Amino acid sequence: MNRKPSIFVTRRLPDPAMAILAEHCTVSLWDNAEIPIPRDELLRGVAEAEGLLCLITDRIDAEVIAAAPRLRAVSIMAVGYDNIDREALAARGITLTNTPDVLTETTADLAWALLLAAARRVVEGHKLIERGGWGPWHPLQMVGQDIYGRVLGVVGAGRIGQAVLRRGRGFGMRLLYHNRRPNPALEAELGATYRSLNDLLAESDAVIVTAPLTAETRGMFGAAQFALMKPTSIFVNVARGPLVREDELVAALRAGRPWAAGLDVFEREPIGPDHPLLTLPNVVLTPHIGSASVATRVRMATLAAENLVAVLSGKPTPHVVR
Ligand code: DGY
C-alpha cells in the first residue's frame, strides 16, 4: 500500500474537505474554525509536512518555507495569494494551487450589494430607523444616486470583474473596464470598452475594483485618483485593501468625492470599531466576505483539498498558479 503524504492544514475546513484530505493524506491540523494559527504553531506545524493547506490569513513567507524542508505543495483556499512568497516557493520547486472560478459569481454579487447599498444609503437608512430618527416623509429625505442606466467602470477585468460587468448589463449600464491590457474577447462578449485608469475614473458613476494585489497595483488608488472621480460616483473595493491608500480615501470621502464607498477589504484586517472609516456616513463596510456564501465556501474548501491531493499524488490540476 502506498504511504500517505503528511500534510498540515491551518484551519478546520467545512465538509467534505477534511474527509477528502483524511482519505488521501496523514493530516495534522490547527483545529480551530475561527482563530488564525499563531506563527509559532505554523512554523512547528509545517516541519514534517509535504503539503500545506492554508488561508489568506496565513503569511507563508521564506521563514515558513525554510521551516518545511519536505514541502512539495501549497494549496490556498482562496483565489488571491498575495500572502504567499511565490519566489521562495519557486526557488524550492514547490507547487502552489488556488481556488478560482468557484467564488466568481458570489464575489460579484457582494460587489453589487455594496454598490447598491452605498448608492441608495441602505445602511444609513437602517441606522436612522434604529435610532428612532425617521420623521415624516419629505421629498429629499435620504436621496441617493441612481445606478440603473449609468456608467460602470471595473478595474481588473479578470473572472470576477467580468461577472461584475455582466450584471451591469441587467442594469442597463454603459460598461468600461481597465486592465493591464485591452481584452477584445471581453469587449465582443459584453460590449465593454477599455479605458486608461484615469479616463475610467473620470467617466464612471460606479467604480468597482476587482484587481489582484501585486507590486504594480499596491496603493494604486489615492488622493490623485479620487480627485478624478465624479462627486456623485460610488467607489467599491472587493479585491484587496492595500490597493487603496485608506487614509486618502477617508479624506476623499470626507470631502465628498467619491460620493460614497462600499468596502469589503481593508489595508489591515480585521479593522476595529475605532477605524476612521466608521466615522463617515457615506460608507458601507463588510468584513471581507466576498466569497462568503455557504455553498461557495464549501466549494472552495473542497477544491483546495482536491488540489492538494492531486499535486501530492502527481495528478494534474488546472489550478496550479503559474
Ligand atoms: C479570495 O479568495 O482571495 C478571497 O479574498 C477570500 O475568499
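When you look at E216, is it part of a loop (DSSP other than H, G, I, E, B) and either out of contact with any strand residue (DSSP E or B) (no Cβ under 7 Å at 6 or more places or on another chain) or within 22 Å of C54 (Cα to Cα) (or both), yes or no? Spelling it out, E216 is indeed part of a loop (DSSP other than H, G, I, E, B) and either out of contact with any strand residue (DSSP E or B) (no Cβ under 7 Å at 6 or more places or on another chain) or within 22 Å of C54 (Cα to Cα) (or both).
Looking across region 130-157 at every residue that is touching a residue at least 24 places away in the same chain (Cβ under 8 Å) and of a type outside the set (A, V, I, L, M), the one that is most open to solvent (accessible area, probe 1.4 Å) is identified as Y148. Figure legend. Inter-residue proximity from region 33-60: first residues free of Cβ contacts under 8 Å to residues at least 12 places away in the same chain, second residues open to solvent by 70 Å² or more (accessible area, probe 1.4 Å) and in a loop (DSSP other than H, G, I, E, B), beta-carbon distance below 6 Å, spacing 6+ or different chains. No pairs are indicated. Only one of the listed residues (T104, T95) is under 30 Å from P258 (Cα atoms), in contact (Cβ under 8 Å) with a residue 40 or more places away in the chain and not hydrophobic (A, V, I, L, M, F, W, C). That residue is T104. I need the full set of residues from region 75-92 which are free of Cβ contacts under 8 Å to residues at least 40 places away in the same chain, of a type in the set (A, V, I, L, M) and within 18 Å of N307 (Cβ to Cβ), in order please. Listed by number, the residues that qualify are I84, L89, A90. Scanning region 23-62 for residues being assigned to a helix (DSSP H, G or I), out of contact with any helix residue (DSSP H, G or I) (no Cβ under 9 Å at 6 or more places or on another chain) and open to solvent by less than 50 Å² (accessible area, probe 1.4 Å) gives a total of 1.
Within region 294-318, the residues that satisfy the criterion of being of a type in the set (K, R) and touching a residue at least 12 places away in the same chain (Cβ under 8 Å) are R297, R299. I need the full set of residues from region 266-287 which are under 18 Å from A113 (Cβ atoms), without any contact (Cβ under 8 Å) to a residue 60 or more places away in the chain and within 16 Å of the ligand (Cβ to nearest atom), in order please. Once the filter is applied, which keeps residues that are under 18 Å from A113 (Cβ atoms), without any contact (Cβ under 8 Å) to a residue 60 or more places away in the chain and within 16 Å of the ligand (Cβ to nearest atom), region 266-287 yields F266, L285, P287. Taking the condition under 30 Å from L53 (Cβ atoms) and open to solvent by 30 Å² or more (accessible area, probe 1.4 Å), does R257 pass? So R257 fails the test.
One residue stands out in region 293-322 among those that are assigned to a loop (DSSP other than H, G, I, E, B) and within 16 Å of the ligand (Cβ to nearest atom): the one that is surrounded by the most Cβ atoms within 10 Å (Cβ to Cβ), namely H319. The single condition among (1) charged (D, E, K, R); (2) within 16 Å of the ligand (Cβ to nearest atom); (3) over 19 Å from V298 (Cβ atoms) that R39 does not meet is (2). Does R195 fit the bill of being more than 20 Å from V250 (Cβ to Cβ), open to solvent by 70 Å² or more (accessible area, probe 1.4 Å) and basic (K, R)? Spelling it out, it is not the case that R195 is more than 20 Å from V250 (Cβ to Cβ), open to solvent by 70 Å² or more (accessible area, probe 1.4 Å) and basic (K, R).
Residue by residue, here is whether (1) modelled with pLDDT of 95 or more; (2) within 27 Å of S291 (Cα to Cα); (3) of a type in the set (S, T, N, Q) holds:
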{"residue": "Q145", "(1), (2), (3)": "yes, yes, yes"}
{"residue": "P182", "(1), (2), (3)": "yes, yes, no"}
{"residue": "A202", "(1), (2), (3)": "yes, no, no"}
{"residue": "M220", "(1), (2), (3)": "yes, yes, no"}
{"residue": "V236", "(1), (2), (3)": "yes, yes, no"}
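Listed by position, the helices (runs of 4 or more DSSP H) enclosed by region 120-200 that each have at least 3 residues that are charged (D, E, K, R) are 122-130, 159-170. Within region 77-112, if we keep just the residues that are open to solvent by 20 Å² or more (accessible area, probe 1.4 Å) and under 16 Å from V265 (Cβ atoms), the residue that is nearest to the ligand (Cβ to nearest atom) turns out to be V79.
The values are calculated or read from the model by the stated rules, or taken from the named source; none is laboratory data. Here the structure is a predicted model, which means the values were calculated and not measured. All Cβ positions, glycine included, derive from the backbone under ideal geometry; neighbour counts span all protein chains shown. Remember, those area values only see protein heavy atoms, side chains included, never the ligands or the DNA or RNA. Shrake-Rupley method; radii C 1.70, N 1.55, O 1.52, S 1.80 Å.
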